[in-house]
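Scroll down for the structure; my scribbles are underneath it.
The values are calculated or read from the model by the stated rules, or taken from the named source; none is laboratory data. Remember, it's a predicted structure, so these values are computed and weren't measured experimentally. Please note: Cβ atoms are built from the backbone with ideal geometry, for glycine as well, and neighbour counts cover all protein chains shown.
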């Protein structure tokens, strides 16, 4: 088990033929007196799975109850430097659980379909910095755009009469 990496327990049990989603399967993970409860699920062919994301290092005990019953212990080692934990909002930005800055990446528009009988002015709007840049002054039809890979961008097409 490693900090910020999904830990998975798999168990063999009774094969279900219906009602896969509504099974009683719960696991409780405890480390340093702090407990977290997660639900497990049926994965088919008699296989039951519980997944858990350990947020801190140390000795964990776990107990699974419901469709299958089991218990055990795991040692959670420190994060490997590649995994940083869950993302959370901090003031006006996002951070991983370990404090590393998280920069979200938005969708890029590769082609903008515009009517072929009119011309359009296409602008790129940086909503964070409030900057507008003209990408194409006389666009029509399917217009290809090259956009920077940056969050907070929008595209505005205004018809030119």
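Counting only residues that are surrounded by 13 or more Cβ atoms within 10 Å (Cβ to Cβ) and either modelled with pLDDT of 70 or more or not in a loop (DSSP other than H, G, I, E, B) (or both), the stretch 99-120 holds 5 of them. When 82, 68, 87, 50 are screened for being modelled with pLDDT under 90 and surrounded by 11 or more Cβ atoms within 10 Å (Cβ to Cβ), only 87 passes. Among the residues examined, residue 57 qualifies as assigned by TED's automatic domain parsing to the domain that holds residue 80 and closer than 25 Å to residue 86 by Cα.
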